[in-house]
Amino acid sequence: MARRQEARQQPAHSGLAEAVARHPVVAGAGAVVGLAAATAALGVTVARIATRRVRADRLSPTGALPEGATEAELREDDPLGPSARRADRTALVQADDGVLLAVEEVGPLDAPLTVVFVHGYTLSMASWTYQRRSLGAALATANGHRPAARLVFYDQRGHGSSTRGPVEHATIEQLARDLASVLEMRVPNGPVVLVGHSMGGMTVMGLADVHPELFGPKVVGVALVSTSSGNIAELDFGLPDVLTRVRAAVLPVAAWTMRRRPAFAERTRRLAADVVSAATRSLSFASTDVDPRLGRYVDAMIGGTPVDVIAEFYPALVGLDETGALEPLRRVPVLVLTGDADRMIPKEHSDTLVEHLPDAEYVVVPDAGHLVTLEKPDEVTRALSGLLRRVAAETAGRPSD
């Protein structure tokens, strides 16, 4: 049976509803593209408007950035500052359609175990900064002994520093093939553990669908963080009823507009700056006292994702159904982790995963939202460390493939 850590209920945020109340006309009409997209998946609400708000010095004084900061500088503004773990090496992996995937690694190439981290929608490999520091220090550094693991991070296509592909390849199946390319080029021999957050978890499940033979012989462990195997189109994201009804009516139009008229979509989101900012905070975090630096860091990651890329991947997310692909995961140790106050992909979706993976360890982090990896990094790192210890114990003495 799955091991469960119960969590207490977290009250929903009111910031989004208050922002809509302050700007009813903008929220109901001019902001429909930005706000509707926000309800589709994490961070659609901000993209570049969030960066512009930072430049306008609308954050708290302790979180303000110098006027004219570039998006690249924002992405580099790691909340860990000097203690952030830098890459030991970087690489580019070419996907099967020519897209170049940016890869960064921590730890030696000959480590006995490799851990590959797959980030979520509109984010980048930078979303793992806390785990990269903590696990890098504990597992991938020679602290008087041979490092236990190598950590591999990469940007999904169209995100971060990776290049874009054709619109018809904005699918979970293609993301799964991209992950397969990363494994082939950067981890030719096992064993490997896959860690996926949100869309990254869907990517891991997609890999189980297209390459089930990898699970067991090469992929020896999986962590599914704040993710879902399907039925995302039915979510209300904790929005007020009126906005839920509006979302259902306008999302197809909003997605079309972002694909076909991205400049217009960006201008529309600019009109809805207050609604956009409140929605981002509400959908990302459960805490009401998030450090402005952390909010700025998330805004910068999302701001680096082109609005049309956001729109291109939306159909793949709402049409997701990977429940049938879970069977290969039963061959390996699995961790399912979620925040108890996740409004993007609620806890019930993790419950469903555990129903199909009864031997999985199930961790529910109290008072955590969708970005649990950033909001509650110690709890996430602790759970991942436990998974890696179990995998190491099970694979001890086993020859590499």
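The values are calculated or read from the model by the stated rules, or taken from the named source; none is laboratory data. As the structure is a prediction and not an experimental result, all values here were calculated from the model. All Cβ positions, glycine included, derive from the backbone under ideal geometry; neighbour counts span all protein chains shown.
Before moving on, here are some points about what is shown:
- Evaluation of Thr352 against (1) farther than 26 Å from Gly324 by Cβ; (2) surrounded by fewer than 24 Cβ atoms within 10 Å (Cβ to Cβ); (3) in contact (Cβ under 8 Å) with a residue 12 or more places away in the chain; (4) not small (Gly, Ala, Ser) (one fails), failing number: (1)
- Test: residue in the range 94-115 that is part of a loop (DSSP other than H, G, I, E, B), buried (at least 22 other Cβ atoms within 10 Å of the Cβ) and among the β-branched types (Val, Ile, Thr): no
- Any pair with Cβ under 7 angstrom, 6 or more apart, that starts in the range 185-210 at a residue that is within 17 Å of Ala383 (Cα to Cα) and ends at one that is in a helix (DSSP H, G or I) and of a type in the set (Gly, Ala, Ser): His197/Ser127
- Criterion applied to Val250, Val219, Val242 was being modelled with pLDDT of 95 or more, of a type outside the set (Phe, Trp, Tyr) and either farther than 30 Å from Val115 by Cβ or buried (at least 22 other Cβ atoms within 10 Å of the Cβ) (or both), and the one residue passing it is Val219.
- Options Gly144, Gly120, Gly136: the member that is part of a loop (DSSP other than H, G, I, E, B) and within 21 Å of Arg293 (Cβ to Cβ): Gly120
- Scanning the range 330-343 turns up one or more residues that are assigned to a helix (DSSP H, G or I), more than 18 Å from the chain's Cα centre (by Cα) and farther than 17 Å from Thr203 by Cβ.
- Filter result (polar (S, T, N, Q) and assigned to a helix (DSSP H, G or I)) within the range 170-224: Gln174, Ser181, Thr203
- Qualifying residues in the range 355-391 (those that are among the acidic types (Asp, Glu) and under 21 Å from Pro79 (Cβ atoms)) - the one surrounded by the most Cβ atoms within 10 Å (Cβ to Cβ): Glu375
- Ala142 meets the conditions (1) more than 27 Å from Gly303 (Cα to Cα); (2) surrounded by fewer than 23 Cβ atoms within 10 Å (Cβ to Cβ); (3) at pLDDT 95 or above in every case but one. The failed one is (3).
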